[in-house]
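A.B. asks: Would you mind keeping the following structure in view while I ask a few things?
The values are calculated or read from the model by the stated rules, or taken from the named source; none is laboratory data. All of these numbers come straight from a predicted model, not from anything done at the bench. Every residue, glycine among them, receives a Cβ derived from its backbone with ideal geometry; neighbour counts consider all protein chains shown. When the accessible area is computed, the model is the full protein with side chains, heavy atoms only, and any ligands, DNA or RNA have been set aside. Shrake-Rupley method; radii C 1.70, N 1.55, O 1.52, S 1.80 Å.
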Amino acid sequence: MKTLKELEEIRQKTLDRVNQRKDRTTTRIVVGMATCGIAAGARPVLLAVMEEVEKLGLTDVTVAQTGCIGLCKMEPIVEVFKPGEEKVTYVKMDADKARRIVAEHIRDGKVVDEYTMHVVQGKILNDYKAEKE
Ligand code: FES
């Protein structure tokens with residue numbers, strides 16, 4: 001059993017870590033690589049992201065993998081964390097879409113809305129065109 005003092009220390013350390021994340025100056029691109037993601041085609045997506053970052057000569061960009069994101073049916077998923085901005089979640093990715101995200105969102109700063117996940121009335125939607133009709 002932890003003492004109150006120990007719990008307070010843990011809380012402070014966690015807050016410090018969270019604040020470090022807020023101050024982060026690099027962009028992070030995270031690809032879901034759980035089994036479901038891999039089965040849905042996450043490997044070529046990850047590869048395409050890495051190649052495009054390299055090709056465009058982007059600096060201050062980290063490409064990382066993560067495990068379960070909790071949305072199997074939306075895989076492959078790519079999350080973008082830009083400093084000072086909300087996280088953007090891209091769903092049902094493929095290599096071409098991933099390249100477009102790197103060029104338009106990471107390099108040019110414009111979110112590619114049609115690939116993002118939308119939550120409408122508690123339902124997760126990703127069919128951007130259907131939503132607009
Ligand atoms: S197992 Fe598919 S997102 Fe967790």
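A.B. asks: List the residues of the stretch 60-77 whose backbone N lies under 13 Å from a point placed 7 Å from the Cα of Asp94 along the Cα-to-Cβ direction.
C.D. replies: Zone members listed by number: 76.
A.B. asks: With every protein chain present, what is the per residue accessible area of the stretch 26-124 (1.4 Å probe, Å²)?
C.D. replies: 53
A.B. asks: With 31 Å as the limit, write out which pairs from Lys13/Lys92; Lys13/Lys87; Lys13/Lys110; Lys73/Lys110; Lys13/Lys73 have Cα-Cα distances beyond it, or answer none.
C.D. replies: Checking Cα-Cα distances, Lys13/Lys92; Lys13/Lys110; Lys13/Lys73 exceed 31 Å.
A.B. asks: Go ahead and run the numbers for FRET between Glu9 and Glu114, Cβ-Cβ distance against an R0 of 35 Å, rounding to 0.05.
C.D. replies: Approximately 0.15, to the nearest 0.05.
A.B. asks: Could you give the length gained on full extension between Thr66 and Glu54, defined as 0.36 nm per residue of separation minus the Cα-Cα distance, in nm?
C.D. replies: Gain on stretching Thr66 to Glu54: 2.3 nm.
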